[in-house]
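Visitor: If you scroll down you'll find the structure; I have some questions about it.
The values are calculated or read from the model by the stated rules, or taken from the named source; none is laboratory data. From a predicted model like this one, the values you see are computed outputs, not experimental measurements. Heads up, the Cβs are rebuilt from the backbone with ideal geometry, glycines too, and the neighbour counts pull from every protein chain shown.
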Amino acid sequence: MDAEEKRIRAFVRVKPAAAFAQDMIKFGPDNKTVDICIKRDAKKGPVDNTQTDWSFCLDGVLHNTSQELTYEAVAKHLVSEALLGYHGTIMCYGQTGAGKTYTMTGATAEYKHRGIIPRALQQVFRATAPSPEGCVTVRISYLEIYNETLVDLLAGAGSRGSSAAPLAVVDCPQGVRVKGLSIHSVSREEDALSLLFEGETKRVMAEHTLNKNSSRSHCIFTIYLESRCRLSSGVKCIHSKINLIDLAGSERLSKTGSEGQTLKEATYINKSLSFLEQIVRALADPRREHVPFRQSKLTHVLKDSLGGNCNTVLVTNICGEAAHVQETLSSLRFAARMKQITAEPLINEIQDPEETVRALEKEITLLKQELAIQDCLANRFFVSYDPLSDSQRAEIKSQVHQYLAGAIAEIDVLNVRQVQEAFKQFKLILRHQEDELEARFRSKYILVDRNDLAALAALQEVRTAAWAWPASSLES
Ligand code: ADP
Ligand code: MG
């Protein structure tokens, strides 16, 4: 993986506009650069010396790009990596009306206008279809964050009853999790799509009853994947999640003099998006140690989904009209900062020891059956591969002794256990003979260790004394 791949990828998607401000927004021929040029207001005269030109280099500019090609550029690789065990996050950022929901969910009028979520579900189910034994499980949840309140868009959906307890973000060893959020198992693409539809309906209904605007809330659709593969060495369990996020509109509403409910919403959005920006800045700064994820519900939920060990893609949706150029500029700035965050995706893999033992036992049974077939084909009957009994061991011992004595020419062996036992007997005999030899020497001679200098010196003394003795006796 090169350095480029280790960064968060950032794309910009341009909403088709009747009056595209081509003198203000220019795309480079490489389809990666966007230049913004804001002409100085003539009335302000020469005193206005603020910057007027900006250039942004991103991973791709999606201009006049179909839903299908957008999916290919933005999501396809991330989803296939999620199927291998890497967490993935795709989020759409931008002002209201710029095309975030169109990109993420799509328009229902035509099939070809479906967005990233239904296409990701299709890719997941197509990839998992070849394993009918249910090796891969797919589950989904749909969470909305509105004014710092967590809402389960799938509560009560399908067969599950809704839980009355308020939702809460909790940190756990596997990452963050939303306590109380309903997570639904789905075995077919159609079931997943109907849950998505149910969630969307709930979102729209709440919009009417609570008089709230869905562009003021963040929505996170999550696909959880868990695959269990049987290997000869055990069971490998891979789990990953794909977060598909439609963020609230990034426009700075507070400037437009909103009041009441709208002001409250705007304050919450501005806060959570500016916390998101802070997180992005902190993550992009290698010297920063503390990243304040818990400041808002959005950033807390995204704690294990931004950079880090996760594949992250940002789609910045922009409008091409001159009237929106300031918002476009601030969205592009966000994208450029996001692109600086490094990520080091890791596979989320665990081995279950109990499952591993079960798998190994099964493997042993299979291998025994395999051996029985091989023996049968080779006309070898009555071969047992179980551990040797005492009498079988005694038989081999006796054969080894007879072999060494020359009484028999061969030793009967049919399997590896018997070969090992025969070698063990040879080793025992060898050791026994060595001991016997040493004992025999010791009974006859004084054996001294060559390295034991003290013993050697003592021996030398004895030897000298023995030689000297007759001489001194002569003297006396
Ligand atoms: P947002 O979610 O950012 O507020 P929407 O996705 O709701 O914006 O888009 C606003 C309108 O523009 C919708 O009617 C949507 O269908 C349309 N739209 C957005 N992007 C595109 C696009 N790339 N092509 C065609 N229509 C689009
Ligand atoms: Mg929207």
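Visitor: Report, by residue number, each residue of region 305-323 that is surrounded by fewer than 23 Cβ atoms within 10 Å (Cβ to Cβ) and closer than 20 Å to residue 70 by Cβ.
Guide: Once the filter is applied, which keeps residues that are surrounded by fewer than 23 Cβ atoms within 10 Å (Cβ to Cβ) and closer than 20 Å to residue 70 by Cβ, region 305-323 yields 313, 320.
Visitor: Look through 266, 248, 284 and report the one residue that is within 16 Å of ligand 2 (Cβ to nearest atom) and at pLDDT below 80.
Guide: That would be 266, the only listed residue that is within 16 Å of ligand 2 (Cβ to nearest atom) and at pLDDT below 80.
Visitor: Got a sec? Which of 438, 363 is in contact (Cβ under 8 Å) with a residue 40 or more places away in the chain and surrounded by 11 or more Cβ atoms within 10 Å (Cβ to Cβ)?
Guide: Sole residue among the options that is in contact (Cβ under 8 Å) with a residue 40 or more places away in the chain and surrounded by 11 or more Cβ atoms within 10 Å (Cβ to Cβ): 363.
Visitor: Also, quick follow-up: All but one of (1) more than 16 Å from ligand 2 (Cβ to nearest atom); (2) at pLDDT 95 or above; (3) more than 27 Å from the chain's Cα centre (by Cα); (4) not aromatic (Phe, Trp, Tyr) hold for residue 113, so report the exception by its number.
Guide: So the condition that residue 113 fails would be (1).
Visitor: If I ask for residues that are assigned to a loop (DSSP other than H, G, I, E, B) and either surrounded by 14 or more Cβ atoms within 10 Å (Cβ to Cβ) or at pLDDT 85 or above (or both), which ones from region 170-185 would you list?
Guide: Of everything in region 170-185, those that are assigned to a loop (DSSP other than H, G, I, E, B) and either surrounded by 14 or more Cβ atoms within 10 Å (Cβ to Cβ) or at pLDDT 85 or above (or both) turn out to be 180, 181, 182, 183.
One line per residue, one yes/no per condition, for (1) outside any helix (DSSP H, G or I); (2) more than 14 Å from ligand 1 (Cβ to nearest atom); (3) within 30 Å of residue 328 (Cβ to Cβ):
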| site | (1), (2), (3) |
| --- | --- |
| 72 | no, yes, yes |
| 84 | yes, yes, no |
| 90 | yes, yes, yes |
| 96 | yes, no, yes |
| 117 | no, no, yes |
| 124 | no, yes, no |
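Visitor: Ok, one more. Given the criteria at negative phi, at pLDDT 90 or above and surrounded by 11 or more Cβ atoms within 10 Å (Cβ to Cβ), does residue 431 qualify?
Guide: No, not satisfied.
Visitor: With respect to residue 85, is the statement that it is within 15 Å of ligand 2 (Cβ to nearest atom), among the small types (Gly, Ala, Ser), surrounded by fewer than 21 Cβ atoms within 10 Å (Cβ to Cβ) and assigned by TED's automatic domain parsing to the domain that holds residue 196 true?
Guide: no
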